[in-house]
Each structure stands twice: as C-alpha cells, then as structure tokens.
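One structure below.
The values are calculated or read from the model by the stated rules, or taken from the named source; none is laboratory data. The model shown is predicted, which means the values in this text are computed figures rather than measured ones. FYI the Cβ positions are ideal-geometry reconstructions off the backbone, even for glycines, and counts take in every protein chain you see. All accessible areas refer to the heavy atoms of the entire protein, side chains included, with ligands and DNA or RNA removed. Shrake-Rupley method; radii C 1.70, N 1.55, O 1.52, S 1.80 Å.
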Amino acid sequence: MFWDRELETLDRSALTRLQLERLQATVVRVADRVPFYRRRFEECGVAPEQIRSLDDVRRLPFTTNADLRENYPDGLLAVERSDVLRLHTSSGTTGKPKALFFSRRDLDQAAGLVARCFVMTGATEADVLQNMMTYGLFTGALMLHYGAEKVGLLVIPAGPGNSDRQLLLMQDFGTTIIHLTPTYALYFADLLEQRGVRPGRDLALRKAYVGAEPYTEETRRKIEQGLGVDVYNCYGLSEMNGPGVAFECEYKQGLHLWEDNFLLEIVDQATGEPVPDGQPGELVLTTLNREAMPLLRYRTRDITALLPAPCPCGRTHRRIQRITGRADDMLILRGVNIYPQQIERVLMALPEVGRNYLIMLDGLDEMTLQVELAEGGFDGQVDHLVSLQQQVVERVRAETMVKPKVELVPPGTLPVSEGKAKRVIDRRRL
Ligand code: ADP
Ligand code: ZN
C-alpha cells in the first residue's frame, strides 16, 4: 500500500532530477534570504549557479549543531516571522536547545511524509494510534500525530508515562498501534507482565513504531515478544521535521529515507568526505522542500550506512541501516572505541536480562555495568547468578575487548527516564 505511489516509486532518474531542481531552488533561496548562508557561500567561494549536478552539493558548506545554536533563536529563518506557524526545539540530549521553525507548507509536507510511513507499514483509517511520545516542544509526538490524522487514524495523544492509564486507554479504545521509545516499550512490556495482561490476546495492539533512540535487533525482538507487536524502526530528528524522515517498510531491511525531501550523504566523520556505498559513516542531510528553515548538509552525527540494492517493496527511495549510534555517543576506553549499542546487543540477547542497564565509567578507565535481571529471571540459586554474571563479563569482553565489572540488580531498580534514556555515566571527567 502506498500513500503517494507516484512519488514513492518514482524512477531513479526522475527522482534525481527532482532532487537537483529542489537543491538548486533551496540554494538560491538561502543565498537570497539567510545572511548566515550568504556569508558561508562567500567563505567557501561558491555561488548558487555553480550547483549544476547533485555531486556539486559537496561544494556547499556543512551546517552543524553549533551553527544552529549560534543562530538561535531565528538567525536561519528564510521567511518572515509572520509566516511561521510552529516552533519546535530539539530535545537537547546534547546541550542547549536548537530552535526549528515550520511554515504551513512545511507542516503539511512533514505530515505527508509521516502519512507515507503509516500506509507503508499497512496502517489504515481503521487503526487507533496511541502516541506515547512526549508532546510539547519536541517534534517526536506532534509531527507523527498530524501524519496519522492525515491518513485518518483515530489518534490518542497519550504522551509517555502513567502506564496504568496507558493500559486502560488501550483496553477501552482498542489501540492497534503505539509510538514510543525502545526504553519505554521494554518498561511497558514488564508492566503488562506484572498486570497479567497477555498482549496478543487481551489487547488489540498490532504494531509499534519505535524510535528516538538507537536500539538493536535483539531489543526489537524483546519488544515484539513482550508487547505482541510488529516493531517498525522510525527515524528522524527535529532539524529534519522529526519522526518519519526514514522508516522501515514491511521487509524491515533498512529504513527508506524520503529522498524527494532530503538529499542524503554518508561521510567520513573525520574528513567529511563521502564513504563508499555500504560503509558506515555520518549521515548528512539537506532539506529539499523546506520553506521556513532550509538546512544545507546538516551533520546529523548519526552513524549509519547506505543499503544500495533496491527494495522488493517497489519504493525507489534508498534505505539506510538502523542507526548504530551517534558520533558523540562513542566511548573511548583504554584506547578502544566502544558504542553503548554494542553492549546493549550483548545484554538483550540474554533472556535472563531485563529491560534496563547502566554503563558507568570511573577510576582509571574502569567500566562497570549495572544490569537489571528480567522479571522472574532469578530462580534464587546463587550459582546461577554467578554464572550469568560471568557470561555477561565474557560476552561484553568478546564484543568490546574491554573486561567490565558486572553488577546484577533486581528488576525495576535502575532509573527510567520519560524522555531519552541516559545509559552512560562517565565519572572519569568529573
Ligand atoms: P536531540 O538531538 O536533542 O536528541 P531530537 O529529539 O531531534 O533531538 O533527536 C534526534 C536524534 O534521536 C537523532 O539524531 C538520533 O540520534 C536519535 N534517533 C531518532 N530516531 C532514532 C532511531 N530510530 N534509531 C536511532 N536513533 C534515533
Ligand atoms: Zn521497502
């Protein structure tokens, strides 16, 4: 099923033509209206008329997180203030907020992209969406909300937290789709177990759109089992509208990135040069269809890789691999680069391990993992606990080359955040 079959299956040559037209128009627009970009173009010695092919995008300057902050609140605006309808800020997991503005047309386009994602995963107007992301300044909930309304679903703007009320809403209104973070999904799965609710039978839940934080295939499987749902990975960032920038189709082999709206590059983090297709690198996105606040070559700091082969679903928009982490998530421990997701993958593959864990770094580069046991994951026999602990130590060491200390703790003892999970506590810098 397609929301916009023509655009979603546009042949590659027509799609790249459309991208070039839109890129050129965007460059002209920002050169004309945004002094910041005008200055940058001068510094790089590039003029809009030099952008003659998509490869010429590399002549353009990058836009970074810091540029957004330095131009806070409205230095990157390309329209009059009276032409903007909505302000969002990023959730600020990494520092001061960034302000993002959207015009009426931008909001409509963003909702259209989300509508594509809904229909791509088989949602129809008969579905009921319980939106368990945070409403407010974040794009997470609202951007998905309006896309769902465009398709015609019944939307329950539940927000996160208050899990017993969530359950009641699900039961009373027959929720079929939920949208939430992986952390909250695992937490909610535990709650269902505690309340004796059998998801496949007692609830109408069928799908979960899970995003906003990186997670692994192992976590996906845990969520699918715990909630009795089909999990679809949903990727986005406030700078590029929020959720629905890239989304999995029924094949779940990577996420289609809507290339008529975003020009995608994957670059080497250090050099900014393109990496060969299929190699991991930092995702860089240029908005191709934005009015209020176009962004050129935005460094997302998210690490992914391009999947070059076409997808059997017939969509021509290329797919990216699940985000494996953020460039700034990387830990360096005793000279070894480690992503928290490597540790998560090991932990979530063990059935005795519960939903939550913490990575603590202290002393002279020591790593301690606090790991929650699964509900019913401990049978009271101390030697079982010791052997689980040894297994975790060995597997983490095999994966990361660093031997951790491991503390197993009872289910529900580690803190849960309503927004994005904070998994790493680095005391080395204190
Ligand atoms: P902030 O940059 O303050 O966290 P956002 O709320 O815009 O603000 O979060 C966007 C970021 O969330 C992305 O850049 C990415 O790091 C992460 N993210 C979003 N969706 C996913 C996903 N499906 N998988 C992995 N990471 C994701
Ligand atoms: Zn597909």
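Among the chymotrypsin sites (Phe, Trp or Tyr not before Pro) found in segment 35-124, not one is both in a DSSP coil and sparsely packed, with 12 or fewer other Cβ atoms within 10 Å of its Cβ.
Counting DSSP beta bridges in segment 1-328, what percent are antiparallel, to the nearest 5? Provide the component values of the computation, followed by the final result.
On the way: 29 of 45 bridges.
Percent antiparallel among DSSP bridges in segment 1-328 is about 65.
What percentage of all Cα-Cα pairs in segment 263-379 are separated by more than 19 Å?
On the way: 4227 of 6786 pairs.
Value for segment 263-379: 62 percent of Cα pairs lie more than 19 Å apart.
Determine the equivalent ellipsoid of the chain by diagonalising the alpha-carbon gyration tensor, then write out the semi-axes as square roots of 5 times the eigenvalues, largest first, rounded to whole Å.
Numbers: eigenvalues 276, 142, 75 Å².
With the √(5λ) rule applied to the chain, the semi-axes are 37, 27, 19 Å.
Which percent of the Cα-Cα distances in segment 1-152 go past 29 Å? In whole percent, the long-distance tail amounts to 31. Placing unit charges on each Cβ (+1 for Lys and Arg, -1 for Asp and Glu) gives segment 1-328 a dipole about its Cα centre, and among HIS179, THR216, GLN19 the Cα reaching farthest toward its positive end belongs to HIS179. Computed from Cα atoms, the angle from the helix 139-151 axis to the main principal axis of the chain rounds to 70 degrees.
Hey, any idea what the orientation-averaged projected area of the convex hull of segment 330-426's Cα atoms comes to, in nm²?
Numbers: hull surface 24.7 nm².
Dividing the Cα hull surface by four gives the mean projection, 6.2 nm².
Of the options GLN269, VAL119, LEU76, report the single residue whose Cα projects farthest towards the positive end of the charge dipole of the chain (beta-carbon charges: Lys, Arg +1; Asp, Glu -1). Most positive-ward Cα: LEU76. For segment 39-123, the equivalent ellipsoid derived from the alpha-carbon gyration tensor has semi-axes of 27, 21, 15 Å in decreasing order.
Only loop residues by DSSP count here, and only those with at most 13 other Cβ atoms within 10 Å; note down the trypsin sites (Lys or Arg not before Pro) in segment 353-430 that meet that.
Details: sites: ARG355, ARG395, ARG397, LYS405, LYS420, LYS422, ARG423, ARG427, ARG428, ARG429; in loops: LYS420, LYS422, ARG423.
The qualifying sites are LYS422.
On the protein heavy atoms, probe 1.4 angstrom, tell me the percent of accessible surface of the chain carried by carbon and sulfur. Write down the numbers at each step before the final one.
On the way: 9230 of 18400 Å².
On the chain, the fraction of accessible area on carbon and sulfur atoms equals 50 percent.
What the chain shows is 43 Å² of accessible area per residue, with the surface traced by a 1.4 Å probe over protein heavy atoms. Dipole magnitude for the chain: computed about the Cα centre from +1 point charges on Lys and Arg Cβ and -1 point charges on Asp and Glu Cβ, it is near 520 debye. Cross-link pairs exceeding 25 Å between alpha carbons, from the set LYS150/LYS420; LYS98/LYS422; LYS207/LYS405; LYS252/LYS422; LYS207/LYS252: LYS150/LYS420; LYS207/LYS405; LYS252/LYS422.
Protection proxy ranking, highest mean first, for peptides 43-51, 200-208, 285-293: 285-293, 200-208, 43-51, where packing is the per-residue count of other beta-carbon atoms within 10 Å, averaged. Between helix 182-194 and the chain there is an angle of about 30 degrees, using the helix long axis and the longest principal axis of the Cα atoms. Among beta bridges from DSSP that stay inside segment 330-426, the antiparallel ones total about 55%.
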